[in-house]
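Engineer: Below is one structure. I have some questions about it.
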Amino acid sequence: WTFEVPDGGLCLWVKLPLDDVRRFLPHAERHGVGLAAGDVSSPDGRGRDHLRLPFGHCADDLVEAVERLAVAWADLQLRPVRTARLGVIV
């Protein structure tokens, strides 16, 4: 996952190593994080390999969301993940 820290706004524009992030969205949803593919925010339909990740929530919620996204990404990759707070999740 790659992104540049924005100068302002409420979202990170994150590039995933996928041609279409829609493959990842169901995994994120199963782990309690609802997101939209980047192309829904694009006037020309580009950005299918991007997500818009909002960061205007409280810090605790953001930490929880990132941990859930890590688990969801591991789920997509069919591998376990280790996080500081949650330990190993299979």
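Engineer: If I ask for residues that are open to solvent by 40 Å² or more (accessible area, probe 1.4 Å) and either aliphatic (A, V, I, L, M) or in a helix (DSSP H, G or I) (or both), which ones from the stretch 1-51 would you list?
Structural biologist: The answer is Val5, Leu10, Arg22, Arg23, Pro26, Glu29, Arg30, Ala36, Val40, Ser41.
Engineer: Only residues that are over 14 Å from the mean Cα position of the chain (by Cα) and at pLDDT below 90: list them for the stretch 49-76, please.
Structural biologist: Of everything in the stretch 49-76, those that are over 14 Å from the mean Cα position of the chain (by Cα) and at pLDDT below 90 turn out to be Gly56, His57.
The values are calculated or read from the model by the stated rules, or taken from the named source; none is laboratory data. Not measured: the values here are computed from a predicted model. Just the protein is used for accessible areas: all its heavy atoms, side chains included, with ligands, DNA and RNA removed. Shrake-Rupley method; radii C 1.70, N 1.55, O 1.52, S 1.80 Å.
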